[in-house]
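Everything below concerns the one structure shown next.
The values are calculated or read from the model by the stated rules, or taken from the named source; none is laboratory data. Not measured: the values here are computed from a predicted model. Quick reminder, even Gly has a Cβ in these numbers, built from the backbone with ideal geometry, and neighbours come from all protein chains shown.
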Amino acid sequence: MPRSLLLRGTTVRDRVRASAAGALAVLLVASGWSAFPAAAETVDDAEQPIESEQSDPDLAPEPELVVAPAEPVFAAAAADFEFTVLIRNPGDEPLPAGQLDLALDDERATVPEDLDGAFPELAQSVASTEIGATDAEGEQSVTVTVPRDDFPLDIDSDAGVYRVQASITPAADDADDSADIVEPPEPALSSVVWRGPGSSAQATVSFIVPLVLTSETGAMPTRAQLSNAAARLSGLLDVAEAHHGTLAIDPRLVAGIRAYGDGAPAVASELLQRLETTSLDSFSLQFGDADPAAQAALGLDELLQPGDLSYVTRHGTFAEDAADVEADAAADAATTDAEDPEDTSADAAGADVDDGAQTDENSDTADAAGASGADSAGDADGSDAAADVPPNAPSQEELLAWDDTVATAWPAPGEVDRRTLDLVSSSGLERVIVNSANVEQTDGPRSRLSGMDAVITDARADEALARSIRDESPADRAAGLATAASVLAFSTSDDAPSIVIGLDRGAIGDAEDATSAIETLTGISWVNSAAVEDQPSGSSELRDGTTLEPRAELLQAALGREPEITRLSDLLVHPEYLPGYQRARLLPLFATRYATVNSDFDAVAERFQARDRELLRGVHVISSEHTQLLGASSRVPLQIHNSLPFDAEVTGAVTPASAAVSAPEREIEATLVPAEGNQTVLVPVRARVSSGESALMIELSDRAGSEVFYSGGQPLSIRAAVERIALITVGSLAALLLGFGIWRSVRRHGRGRTGTEDAAQGEGISRT
């Protein structure tokens with residue numbers, strides 16, 4: 001078996017040729033010739049810009065007006081009442097000054113549907129104030145304070161929910177030139193809960209609290225992401241415990257903490273311990289909060305499950321039993337002076353041949369991968385450590401194990417249909433959480449639906465509280481809280497059902513502060529919290545929802561690419577890593593946070609597809625169009641790139657494309673190519689003609705050589721006559737230098753002898 005081309009040494013003749021080529025390179029620099037291939041410029045698909053549609057001038061964003069009470073509940077005994085108004089102008093032209101008017105509908109709203117009704121024209125005026133112009137692409141916030149005596153409601157007014165409207169009227173001078181000004185925004189509606197003296201009605205609410213990761217988290221969370229998430233979710237757990245919430249936990253969070261073992265951040269380990277010992281009801285979401293409704297829409301027979309997560313646990317550290325520690329210490333003592341075979345193999349595999357064929361760019365790539373370290377290996381972005389998974393690492397079952405109070409599915413709001421329920425039931429789950437937009441509900445929020453236990457969350461309250469958590473402006477947050485409080489106020493009537501609020505998973509995942517809105521709502525004196533299981537039962541009938549068709553098509557395409565990518569696992573040192581990594585990437589793409597129209601799922605799917613295209617490149621040779629053979633015998637550098645996030649080991653074969661060249665050694669033996677890095681192999685090639693064009697046909701296979709994963713060509717330009725010219729030139733220069741040296745030596749010797757004789761004669765010394 002011939003030695004690997006990667007490790008083969010150079011001969012004396014090779015060194016002579018290299019020296020001659022080096023000298024010749026100085027002479028040929030001006031002509032632009034090179035002894036090594038110029039790497040072809042390639043741009044990863046992931047870096048290609050996403051084309052955006054040209055904006056339609058007729059569809060320019062409209063100005064927006066937001067109004068909300070500063071507090072969701074007004075008490076009759078208050079001295080004054082405050083409203084927050086936000087004027088948002090996303091257009092290119094300023095919004096002119098005008099008059100801001102607040103009005104109150106003095107007819108009490110009795111059901112949630114009243115909040116969407118037309119606002120009466122003869123509503124009572126609450127306040128008016130002049131406002132200045134709003135800059136283009138800017139915002140203006142206004143606080144309006146109404147004295148108690150000027151407010152239309154008083155202690156004799158019925159307690160309940162009242163609607164408020166804000167509107168803007170352009171200034172009179174601007175109205176005269178209306179053709180040249182931006183139209184004011186549409187009036188904005190909000191509501192306020194009025195509580196007079198003696199109001200005693202109480203509302204009961206239950207919360208389903210999701211503990212999920214941010215949308216920026218990759219396939220699996222890194223240590224840094226776990227640390228940030230744990231600090232944020234610990235406060236959310238505090239609120240859940242204070243108000244009897246039901247926990248819905250993303251298995252990625254639990255598995256991520258367990259996968260790092262003793263190396264997990266302390267704050268994350270503390271959170272996991274609290275979750276494992278809490279008395280709250282809890283259940284596991286689908287991995288990555290993958291949407292069961294979307295999976296049902298694709299016609300799947302069973303819910304998608306995560307793959308092998310050992311690519312993460314390989315970076316964990318795990319406490320050993322005392323007996324194992326003693327045995328390891330004895331083994332270490334016995335092999336203290338022994339050479340580490342891992343270090344040896346790594347050095348051998350990572351070292352290039354002495355010609356320095358690996359470019360600076362490739363070195364930078366390798367350095368960047370190594371600098372990422374194990375922290376980024378949770379996303380498989382970092383270098384692929386040669387070490388195997390620790391023997392005492394938790395198994396896949398141990399990573400994902402969770403003691404569900406009730407095995408529960410929580411599909412995206414409004415998307416549940418009969419197929420969803422069938423899929424959930426056939427997957428062994430016992431309960432489903434459904435948004436009220438998906439059912440006809442009577443009485444309590446707990447019911448039976450198609451033979452399963454069901455919990456019905458209030459669609460309007462869900463969205464309102466999500467707004468108060470997700471949005472950044474105080475006016476938007478206040479508007480969300482006002483609507484949520486109004487929904488709770490409606491539930492205080494005798495014939496209204498109690499409320500269950502399912503906190504929005506997308507809002508919770510990305511919010512810096514998800515607790516303030518919940519604490520404000522539960523801090524209302526007439527709002528009581530209870531566990532979901534303590535809510536009364538009722539009845540419900542399914543009203544079929546649907547998954548957005550564009551989303552379903554993109555998910556189907558992503559699912560279809562998975563087998564193509566996992567097929568490349570045969571190229572890896574650890575083949576089991578890639579299927580687990582790809583499935584861990586895929587499931588969060590199904591997340592319920594992307595179910596809504598305004599979730600920007602198209603951009604998310606485009607980034608996912610770009611990464612898939614990069615992975616599908618696998619291990620390949622970076623071809624160059626200008627590899628030149630400057631001698632009869634050369635060593636052509638082949639730069640092998642690994643697009644996969646784990647170390648690959650490949651074999652290969654090289655075949656000349658024509659009789660103009662020959663390859664004495666056609667086999668590329670097993671070569672280690674680092675994760676997302678490059679490795680250079682030098683292939684001996686002999687030119688049979690003095691000039692011409694040819695190519696090397698290259699195939700890369702798995703370690704066993706059983707399947708070819710890459711086939712390509714490396715063009716060659718033969719310039720063998722250049723070597724003869726160089727040798728003749730160098731030889732001629734050497735001969736001239738040698739002749740000139742001899743001539744100078746003879747001449748100096750002659751001058752020295754003549755000078756000695758003249759000196760002797762001057763001193764009277766005979767020459768004989």
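Quick one: count up the residues across the stretch 277-299 that are assigned to a helix (DSSP H, G or I) and more than 20 Å from LEU400 (Cβ to Cβ).
Result for the stretch 277-299: 4.
Pick out the one residue from ALA393, ALA454 that is at pLDDT 95 or above, small (Gly, Ala, Ser) and either within 21 Å of GLN295 (Cα to Cα) or outside any helix (DSSP H, G or I) (or both).
The conditions single out ALA454.
Do we have any residue at all in the stretch 655-667 that's within 33 Å of the chain's Cα centre (by Cα), outside any strand (DSSP E or B) and of a type in the set (S, T, N, Q)?
First pass over the stretch 655-667, keeping only residues within 33 Å of the chain's Cα centre (by Cα): none.
No, the conditions are met nowhere in the stretch 655-667.
Among the listed residues GLN165, GLN202, identify the single one that is buried (at least 19 other Cβ atoms within 10 Å of the Cβ), in contact with a strand residue (DSSP E or B) (Cβ under 7 Å, 6 or more places away or on another chain) and of a type in the set (S, T, N, Q). Break it down stepwise before answering.
Numbers: GLN202 fails: buried (at least 19 other Cβ atoms within 10 Å of the Cβ).
Matching residue, one of GLN165, GLN202: GLN165.
Among residues belonging to the stretch 399-436 that are of a type in the set (Lys, Arg) and surrounded by 15 or more Cβ atoms within 10 Å (Cβ to Cβ), point out the one that is farthest from ALA297 (Cα to Cα).
ARG431
Considering only the stretch 227-245, I want to know if a residue exists there that is in contact with a Lys or Arg (Cβ under 7 Å, 6 or more places away or on another chain) and crowded, with 19+ Cβ neighbours inside 10 Å. Please lay out each step first, then the result.
Start the filter on the stretch 227-245 by keeping residues that are in contact with a Lys or Arg (Cβ under 7 Å, 6 or more places away or on another chain), which leaves 237.
If we keep only those that are crowded, with 19+ Cβ neighbours inside 10 Å as well, we get 237.
The answer is yes, given that some residue of the stretch 227-245 is in contact with a Lys or Arg (Cβ under 7 Å, 6 or more places away or on another chain) and crowded, with 19+ Cβ neighbours inside 10 Å.
Looking at the stretch 641-656, is at least one residue modelled with pLDDT of 95 or more and touching a Phe, Trp or Tyr at 6+ places or on another chain (Cβ under 6 Å)?
Yes, the stretch 641-656 contains at least one residue that is modelled with pLDDT of 95 or more and touching a Phe, Trp or Tyr at 6+ places or on another chain (Cβ under 6 Å).
What is the residue count in the stretch 574-600 for residues that are out of contact with any Pro (no Cβ under 7 Å at 6 or more places or on another chain) and either farther than 17 Å from GLY414 by Cα or not assigned by TED's automatic domain parsing to the domain that holds GLU562 (or both)?
Here the count works out to 13.
Determine whether the stretch 679-691 contains at least one residue that is farther than 21 Å from SER717 by Cβ and either crowded, with 20+ Cβ neighbours inside 10 Å or modelled with pLDDT under 90 (or both).
Yes, there is a match, as at least one residue in the stretch 679-691 is farther than 21 Å from SER717 by Cβ and either crowded, with 20+ Cβ neighbours inside 10 Å or modelled with pLDDT under 90 (or both).
Using the structure shown, decide if ASP80 is within 20 Å of SER199 (Cα to Cα), acidic (Asp, Glu) and not assigned by TED's automatic domain parsing to the domain that holds ILE499.
yes
Sort out which residues of the stretch 214-241 are of a type outside the set (Asp, Glu) and not in a helix (DSSP H, G or I), and write them in order of number.
First, the residues of the stretch 214-241 that are of a type outside the set (Asp, Glu): 214-215, 217-237, 239-240.
Passing the criteria: THR214, SER215, THR217, GLY218, ALA219, MET220, PRO221, THR222.
In this structure, is THR110 exposed (fewer than 14 other Cβ atoms within 10 Å of the Cβ), among the polar types (S, T, N, Q) and over 23 Å from GLU183 (Cα atoms)?
yes
Which residue, of VAL182, VAL239, is assigned by TED's automatic domain parsing to the domain that holds PHE81 and touching a Gly at 6+ places or on another chain (Cβ under 8 Å)?
Only one candidate passes the filter, namely VAL182.
With respect to GLU533, is the statement that it is in the same structural domain as ASP281 (by TED's automatic domain parsing) and assigned to a helix (DSSP H, G or I) true? Please lay out each step first, then the result.
Details: in the same structural domain as ASP281 (by TED's automatic domain parsing): yes; assigned to a helix (DSSP H, G or I): yes.
Here the answer is yes, as GLU533 does meet what is asked.
In this structure, does GLU139 turn out to be part of a strand (DSSP E or B), under 46 Å from the mean Cα position of the chain (by Cα) and not assigned by TED's automatic domain parsing to the domain that holds GLY480?
In short, yes.
Please indicate, with yes or no, whether at least one residue in the stretch 485-495 is part of a loop (DSSP other than H, G, I, E, B), at positive phi and either assigned by TED's automatic domain parsing to the domain that holds LEU285 or in contact with a Pro (Cβ under 6 Å, 6 or more places away or on another chain) (or both). Quick ask: steps written out before the conclusion?
At the first step, the residues of the stretch 485-495 found to be part of a loop (DSSP other than H, G, I, E, B) are 491-495.
Those still in the list that are at positive phi too: none.
The answer is no; no qualifying residue exists.
What number of residues in the stretch 114-129 are surrounded by fewer than 16 Cβ atoms within 10 Å (Cβ to Cβ), under 25 Å from ARG460 (Cβ atoms) and of a type outside the set (A, V, I, L, M, F, W, C)? I'd like the intermediate steps shown before the answer.
Initial filter on the stretch 114-129 (surrounded by fewer than 16 Cβ atoms within 10 Å (Cβ to Cβ)): 116-122, 124-125, 128-129.
Checking the rest, the ones that are also under 25 Å from ARG460 (Cβ atoms) come to 116-120.
Applying the additional criterion that residues be of a type outside the set (A, V, I, L, M, F, W, C) yields 116-117, 120.
Residues in the stretch 114-129 being surrounded by fewer than 16 Cβ atoms within 10 Å (Cβ to Cβ), under 25 Å from ARG460 (Cβ atoms) and of a type outside the set (A, V, I, L, M, F, W, C): 3 in total.
Could you grab the pairs with beta carbons closer than 8 Å, sequence gap of 6+ or different chains, first residue in the stretch 112-129 and in contact (Cβ under 8 Å) with a residue 24 or more places away in the chain, second one surrounded by 11 or more Cβ atoms within 10 Å (Cβ to Cβ) and in a loop (DSSP other than H, G, I, E, B)?
From the stretch 112-129, the pairs are PHE119/PRO187; GLN124/PRO152; VAL126/PHE151; VAL126/PRO152.
Could you tell me whether the stretch 549-566 includes any residue that is polar (S, T, N, Q) and farther than 30 Å from GLY705 by Cα?
yes
Output yes when any residue across the stretch 567-575 is touching a residue at least 12 places away in the same chain (Cβ under 8 Å) and surrounded by fewer than 16 Cβ atoms within 10 Å (Cβ to Cβ), and no when none is.
Within the stretch 567-575 (the criterion being touching a residue at least 12 places away in the same chain (Cβ under 8 Å) and surrounded by fewer than 16 Cβ atoms within 10 Å (Cβ to Cβ)), the answer is no, since none of the residues qualifies.
For the subset of the stretch 268-296 comprising residues that are within 27 Å of the chain's Cα centre (by Cα) and among the acidic types (Asp, Glu), which member is surrounded by the most Cβ atoms within 10 Å (Cβ to Cβ)?
Ranking the qualifying residues of the stretch 268-296, first place goes to ASP291.
Does any residue of the stretch 603-612 turn out to be crowded, with 18+ Cβ neighbours inside 10 Å, in contact with a strand residue (DSSP E or B) (Cβ under 6 Å, 6 or more places away or on another chain) and not hydrophobic (A, V, I, L, M, F, W, C)?
Scanning the stretch 603-612 turns up no residue that is crowded, with 18+ Cβ neighbours inside 10 Å, in contact with a strand residue (DSSP E or B) (Cβ under 6 Å, 6 or more places away or on another chain) and not hydrophobic (A, V, I, L, M, F, W, C).
How many residues does the stretch 420-450 hold that are assigned to a loop (DSSP other than H, G, I, E, B) and closer than 20 Å to LEU488 by Cα?
Residues in the stretch 420-450 being assigned to a loop (DSSP other than H, G, I, E, B) and closer than 20 Å to LEU488 by Cα: 2 in total.
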